[in-house]
Each structure stands twice: as structure tokens, then as C-alpha cells.
Amino acid sequence: MASVTLDNLQKTYPNGFKAIHGVDVDIQDGEFLVLVGPSGCGKSTLLRMIAGLETVTEGDLQIGGKRVNDLEPSQRDIAMVFQNYALYPHMTVYNNMAYGLKIMGLSKSEIEERVKNAAGILELTEEQLSRKPRQLSGGQRQRVAMGRAIVRKPSVFLFDEPLSNLDAKLRVQMRIEIKRLQESLGITSVYVTHDQVEAMTLGHRLMVLNEGRVEQLGTPIELYEQPASLFVAGFIGSPAMNMLKVEVSDDGKSVHIAKGIDLALENGGLQSHAGQNAILGVRPEHLDLAPGMDGALPLTVTLVEHLGADTLIHGHFGDDQTDLTVRVSGIETVKAGDILPVSITKDHTHLFDPSTEKRIAL
């Protein structure tokens with residue numbers, strides 16, 4: 001086990017494209033860090049730099065306090081689990097897990113002990129160990145890929161979207177297994193995903209990347225409750241946060257949302273943005289259906305999604321037909337065309353500067 005330090009890590013390709021812009025993070029020994037962001041944001045490139053599969057253009061990369069910029073992947077004491085499993089089709093499951101240990105020159109008895117120990121952790125049976133990868137389900141093949149990493153007893157696990165090829169049910173099951181596995185082994189892990197649900201449930205901390213830059217680094221709850229930018233606010237949370245164009249009052253003590261609808265601000269208001277435009281963010285689960293129209297937003301319903309335990313109500317309000325999504329508990333008997341009173345309270349609301357797209361502190 002080891003810590004991983006990225007100090008102003010940068011990656012520029014020969015054609016001049018800069019994929020990673022100065023990433024700084026200290027990943028603690030035993031920590032589970034998730035790199036999350038949309039396709040093309042640089043998360044897999046950053047992971048491959050840690051693995052040694054991409055060169056570092058600038059900055060320092062340390063594993064266990066040792067600078068590894070110029071070391072080969074085999075010299076970094078890491079193990080990587082890929083999206084496509086990367087198993088040898090002609091080998092049995094046992095030999096797939098044992099192959100790397102044979103290359104390391106371990107004895108037959110040591111190899112057998114490590115493979116059977118990993119198989120036990122991952123609930124792979126003797127029969128499955130004797131099969132070829134094609135004879136296994138997707139979830140079982142992913143277990144084999146993780147087993148191959150476990151047997152090496154690395155200092156760092158690297159996961160590159162390992163669940164993206166699985167169906168929805170298997171994704172949930174494997175997500176739980178990966179979380180349990182990392183906690184029981186205590187191995188420093190870096191996990192790449194574009195799925196914010198995976199990120200929120202797996203990581204001790206999340207690093208949200210956008211076009212090769214770090215938008216925010218923090219715990220899942222920190223990112224959910226205190227998003228640093230519009231990008232993070234829109235990316236973390238499902239369904240996405242509602243973004244409403246508002247105007248701060250001339251005295252900075254309230255924001256105007258719609259005709260006859262104003263929201264008082266806490267802590268003396270927002271003098272620095274008095275009279276200016278802003279963006280008010282509020283999550284669907286933090287909106288309520290009001291008992292009456294007085295002081296509420298008149299939401300014209302356009303679509304209702306019944307999820308069982310919850311219902312998502314989509315609609316719009318105001319002259320400019322601003323879109324709004326409300327999440328309510330249970331099954332609501334509403335339909336398209338209904339007009340519902342929706343209330344916004346100052347609790348759980350967020351303000352952003354439209355020019356910088358950064359959070360405005362209240």
C-alpha cells in the first residue's frame with residue numbers, strides 16, 4: 001500500500017493538444033479516489049499517466065514517496081483493471097490469474113496460495129477456475145480481472161471504467177463488491193468513471209474533471225451540498241440540478257425568480273452582486289409541492305416519470321417557460337397539462353455567477 005502524489009501533472013501531445021492542465025492531489029494510503037467527468041475530460045488519460053501508459057509532459061508523479069515519472073509500468077507496483085477485462089481467451093481462469101505471478105518468478109506453491117486466496121475473496125469456485133473466460137458471465141469475468149490484480153498484492157489499484165460493459169443489475173452488484181473489496185484490503189485505489197452514481201457511492205473523495213482541469217476535489221457530500229461551479233452542480237446529482245436565471249435585488253437581500261416570486265437571502269444578503277443577474281440552483285428533491293398558489297411557482301406539467309418510491313415531475317413556468325424538475329416521494333396522480341404550485345425555500349439553494357460560472361458564497 002502507498003500514497004500517490006500528483007504535483008502539477010500535465011500532458012501535452014506532439015500536435016500541441018493539452019489533455020491535462022496541472023493536476024495537484026495527494027491520494028492518501030488506503031484512500032479510494034474517483035476521477036469523474038464526461039467523455040473526453042481527461043480522466044482516463046490521467047489514470048494512464050499514473051499507470052505509466054502515458055508519459056508525463058510536466059510535473060511530478062510519486063508513488064509511495066518515490067518519483068516514478070520515468071519508470072516502466074512494471075516498476076511502479078500498480079495493478080490495473082480495464083474496461084474490457086483484457087483476459088487471455090486461451091487460458092483458464094486460474095492461469096489468467098497466475099500468469100503475472102509466473103512472470104514475477106514466484107514458486108508454484110506461492111502462486112497457488114495467492115490465486116486460491118483471491119478466488120475465495122471474489123467467490124470464484126474451483127469449477128470456475130478451470131473454465132475459459134468465454135464460459136463465464138460478464139460479472140464473473142470482471143471478478144477474474146480483479147482477481148488478477150489482487151494476487152499481485154500491489155501498492156495501488158487502478159480501475160478504468162470496469163463496469164461499463166455490464167448490465168444495470170450487474171453494475172450495482174459489482175459496485176458493491178468493489179467497495180467491499182477495497183475496504184477489506186485497504187489498498188490505495190484510483191477509479192475512473194463517467195457515471196456519477198458510481199462516483200458518489202464508491203469514492204472517499206471525488207475529483208471532477210472538465211477539459212483536463214480539476215473543477216472540484218472533495219468528498220461526495222461536499223460536492224453534492226457545496227458544488228464549486230455550475231459544471232459540478234450540473235454533473236453531480238441525478239436528475240440534474242435546476243438552474244434558474246434570477247436577479248439580485250438592489251439592496252442585495254433577495255433574488256427575483258419570477259413575477260411575484262422573490263427569495264430572501266441569508267447572512268445579510270449579497271451586497272457584492274446587488275442589482276446583478278445570477279443563477280439560482282436548486283435540486284429536484286429540494287423543491288416542494290405547495291398547498292396553494294400564493295407565493296409559489298405555477299408549474300405547467302409536461303411529463304411525469306413514476307419511479308416507484310419517487311416521482312419526477314417535469315414542467316415549465318413563467319413567460320419564458322423556464323424548465324423545472326421536481327422530485328416528490330411516492331406516486332403522484334398528476335398528468336401533463338396540470339398546473340402545480342411549487343415552492344422554493346432558501347435552504348438547499350445555490351447561487352452562481354453567470355460570467356465566471358463559479359459559486360457565489362453567501
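Could you tell me which numbered condition GLY295 fails, if it satisfies all but one of (1) in contact (Cβ under 8 Å) with a residue 40 or more places away in the chain; (2) of a type outside the set (Val, Ile, Thr); (3) on the phi < 0 side of the Ramachandran plot; (4) in a loop (DSSP other than H, G, I, E, B)?
(3)
Would you point out the residue of the stretch 146-187, among those that are outside any helix (DSSP H, G or I) and among the basic types (Lys, Arg), that is farthest from LYS102 (Cα to Cα)?
Looking only at the stretch 146-187, we keep the residues that are outside any helix (DSSP H, G or I), and these are 151-167, 186-187.
Okay, now just the ones that are also among the basic types (Lys, Arg), so 152-153.
Numbers: ARG152: 11, LYS153: 14 Å.
Among those residues, the one meeting the criterion is LYS153.
Looking at ASP347, is it among the acidic types (Asp, Glu) and either out of contact with any strand residue (DSSP E or B) (no Cβ under 9 Å at 6 or more places or on another chain) or modelled with pLDDT of 90 or more (or both)?
Taking the combined requirement at face value, the residue satisfies it.
Any residue that is surrounded by fewer than 17 Cβ atoms within 10 Å (Cβ to Cβ), under 19 Å from LEU351 (Cβ atoms) and not assigned by TED's automatic domain parsing to the domain that holds GLU225 - is there at least one of those in the stretch 286-308?
Looking for residues that are surrounded by fewer than 17 Cβ atoms within 10 Å (Cβ to Cβ), under 19 Å from LEU351 (Cβ atoms) and not assigned by TED's automatic domain parsing to the domain that holds GLU225, one finds none in the stretch 286-308, hence no.
Quick one: in the stretch 16-39, of everything that is part of a loop (DSSP other than H, G, I, E, B) and of a type outside the set (A, V, I, L, M, F, W, C), which residue is farthest from the chain's Cα centre (by Cα)?
Within the stretch 16-39, the first condition is being part of a loop (DSSP other than H, G, I, E, B), and the residues that meet it are 16-17, 28-31, 37-39.
Then drop every residue that is not of a type outside the set (A, V, I, L, M, F, W, C), which leaves 16, 28-31, 37-39.
Numbers: GLY16: 28, GLN28: 18, ASP29: 20, GLY30: 18, GLU31: 15, GLY37: 7, PRO38: 10, SER39: 12 Å.
The selected residue is GLY16.
Can you tell me which residue among GLY52, GLY37, GLY22 is closer than 27 Å to LEU230 by Cα and modelled with pLDDT of 95 or more? Please lay out each step first, then the result.
On the way: GLY52 fails: closer than 27 Å to LEU230 by Cα; GLY37 fails: modelled with pLDDT of 95 or more.
Only one candidate passes the filter, namely GLY22.
Does TYR13 satisfy being in contact with a strand residue (DSSP E or B) (Cβ under 7 Å, 6 or more places away or on another chain), among the hydroxyl-bearing types (Ser, Thr, Tyr), in the same structural domain as GLY218 (by TED's automatic domain parsing) and loosely packed, with under 14 Cβ neighbours inside 10 Å?
yes
Which members of the stretch 332-356 meet the condition of being more than 14 Å from HIS273 (Cα to Cα) and part of a loop (DSSP other than H, G, I, E, B)?
Of everything in the stretch 332-356, those that are more than 14 Å from HIS273 (Cα to Cα) and part of a loop (DSSP other than H, G, I, E, B) turn out to be GLU332, THR333, VAL334, LYS335, ALA336, GLY337, ASP338, ILE344, THR345, LYS346, ASP347, HIS348.
Any idea which of LEU124, LEU136, LEU87, LEU129 is surrounded by 15 or more Cβ atoms within 10 Å (Cβ to Cβ) and within 30 Å of MET49 (Cα to Cα)? Walk me through how you get there before you give the answer.
Values: LEU124 fails: within 30 Å of MET49 (Cα to Cα); LEU136 fails: within 30 Å of MET49 (Cα to Cα); LEU129 fails: within 30 Å of MET49 (Cα to Cα).
After applying the criteria, what remains is LEU87.
The values are calculated or read from the model by the stated rules, or taken from the named source; none is laboratory data. Every value quoted in this text rests on a predicted model; they were computed, and no experiment measured them. When we count neighbours, we look across all protein chains shown, and the Cβ atoms used for this are built from the backbone with ideal geometry, even at glycine.
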